[in-house]
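S.K.: Okay, handing you the structure first.
Read-outs: derived from the displayed coordinates by stated rules, not from any lab. Remember, predicted model here, so these are calculated numbers, not experimental data. Neighbour counts run over all protein chains shown; Cβ positions are idealised from the backbone, glycine included.
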Amino acid sequence: MSIRYTDPTSRSTSKEAASIYHKTSIIDLLNMSNILQLKVTLQGSSNPPIWRQVLVSDDIDFQQLHAIIQGAMGWYNAHLHSFTDRWRSFDIGIPFDDGFSTTTDGRTIRISEYLAAKGDQLLYEYDFGDSWVHLIKVQKVLAPQAGQSYPQLLKGKGACPPENCGGIWGYYDLVEAINDPKHESHEEMTEWMGIDHWDVHAFDLKEAQQWVSRIFGKAKQLY
């Protein structure tokens, strides 16, 4: 089964998508901050754990990091999101315009304020209903390389769950029902998904890389 990545902003051409990446020149190297190698892991996932490894410049803002994670994972940008720490001592995302929101606008904060050194961690929650919580961990801090494009999706593992399936436990219930013709919910779930088998290992790296390049260039439109 092929997992399709849906562009939440427009039907951009592959030529347009290819132009979004930023090629690093010698002059750029003098102005660019560090490159962070991040591992983003969907919490609660197993057999296999669902994760993506990316390279990002530490001078991007949190809205841009949100876009990168959406593209790398295969989410549709259909729900709200939040970045925080394990104590939930702050909230970075899209603030509500109600006069009471304590959420800080992700467009105003560079990720280097919280992700700067090896071992630094944050939590990224997508869809407050299903509560898809991802652990973001800095694996390496690198110097930018001339001729390289950032962000880069290096590798990953595991299919991204479908949207609105009830969170991580709902996802595994869904997988069990779809893949077992004798399951009491098999017919209902196959009708809802439009498939009769779900491959938990399905991950197309090249396709995901294309979506990261597209969605990163349109991060502000995802607000």
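S.K.: Is there a quick way to get the dipole size of segment 39-192? I mean about its Cα centre, with the Cβ of Lys and Arg at +1 and of Asp and Glu at -1; what is the value in debye to the nearest 20?
M.R.: For this selection, approximately 1020 debye.
S.K.: Between segment 83-136 and segment 177-223, how many Å separate their Cα centres?
M.R.: Segment 83-136 and segment 177-223 have Cα centres separated by 25 Å.
S.K.: What aspartates and glutamates does Lys182 reach when the alpha-carbon gap must be under 17 Å and sequence neighbours fewer than 8 apart in one chain are set aside?
M.R.: The qualifying aspartates and glutamates are Asp173, Glu191, Asp196.
S.K.: Going by average Cβ neighbours within 10 Å, how do the peptides 151-159, 65-73 rank, with the highest at the top?
M.R.: 65-73, 151-159
S.K.: Going by how many other Cβ atoms sit within 10 Å of their own, how do Arg88, Arg110 line up, fewest first?
M.R.: The order, fewest Cβ neighbours first, is Arg88, Arg110.
S.K.: What is the order of Ile109, Ile92, fewest Cβ neighbours within 10 Å to most?
M.R.: Ranked by crowding around the Cβ, least crowded first: Ile109, Ile92.
S.K.: Provide His201, His134, His79 in ascending order of the number of other Cβ atoms located within 10 Å of each residue's Cβ, fewest first.
M.R.: Placing the least packed residue first, the sequence is His201, His79, His134.
S.K.: Can you list the lysines whose alpha carbon sits under 20 Å from that of Lys39, skipping same-chain ones fewer than 8 residues off?
M.R.: Partners found: Lys118, Lys137, Lys140, Lys155, Lys157, Lys206.
S.K.: Provide the packing ranking of 210-217, 123-130, i.e. peptides ordered by the mean count of other C-beta atoms within 10 Å per residue, highest first.
M.R.: 210-217, 123-130
S.K.: In whole Hz, what ³J(HN,Hα) sequence does segment 160-172 give by Karplus (6.51, -1.76, 1.60; θ = phi - 60°), x for Gly and Pro?
M.R.: 6, x, x, 5, 6, 9, x, x, 4, 6, x, 4, 5
S.K.: Which residues' amide hydrogens lie under 5 Å from the amide hydrogen of Ser185, considering only partners 5 or more residues apart or on another chain, with H built in the peptide plane?
M.R.: So Ser185 has HN proximity to no qualifying residue.
S.K.: Give me a comma-separated list of calculated 3J(HN,Hα) values for segment 81-94, in order, Karplus coefficients 6.51, -1.76, 1.60 applied at θ = phi - 60°, integers in Hz, x for any Gly or Pro.
M.R.: In residue order, the calculated couplings are 9, 7, 10, 7, 9, 5, 8, 6, 7, 8, 9, 10, x, 10 Hz.
S.K.: Give me the distance in nm between label points sitting 7 Å out from Cα along the Cα-to-Cβ direction at His197 and Lys155, one decimal.
M.R.: Placing both labels 7 Å along Cα→Cβ, they lie 2.6 nm apart.
S.K.: Moving to a separate point now. Residue by residue through segment 45-53, what is 3J(HN,Hα) from phi via Karplus (6.51 cos²θ - 1.76 cosθ + 1.60, θ = phi - 60°)? Round to whole Hz and write x for glycine and proline.
M.R.: For segment 45-53, the Karplus-derived couplings read 7, 7, 6, x, x, 9, 8, 9, 10 Hz, x marking Gly and Pro.
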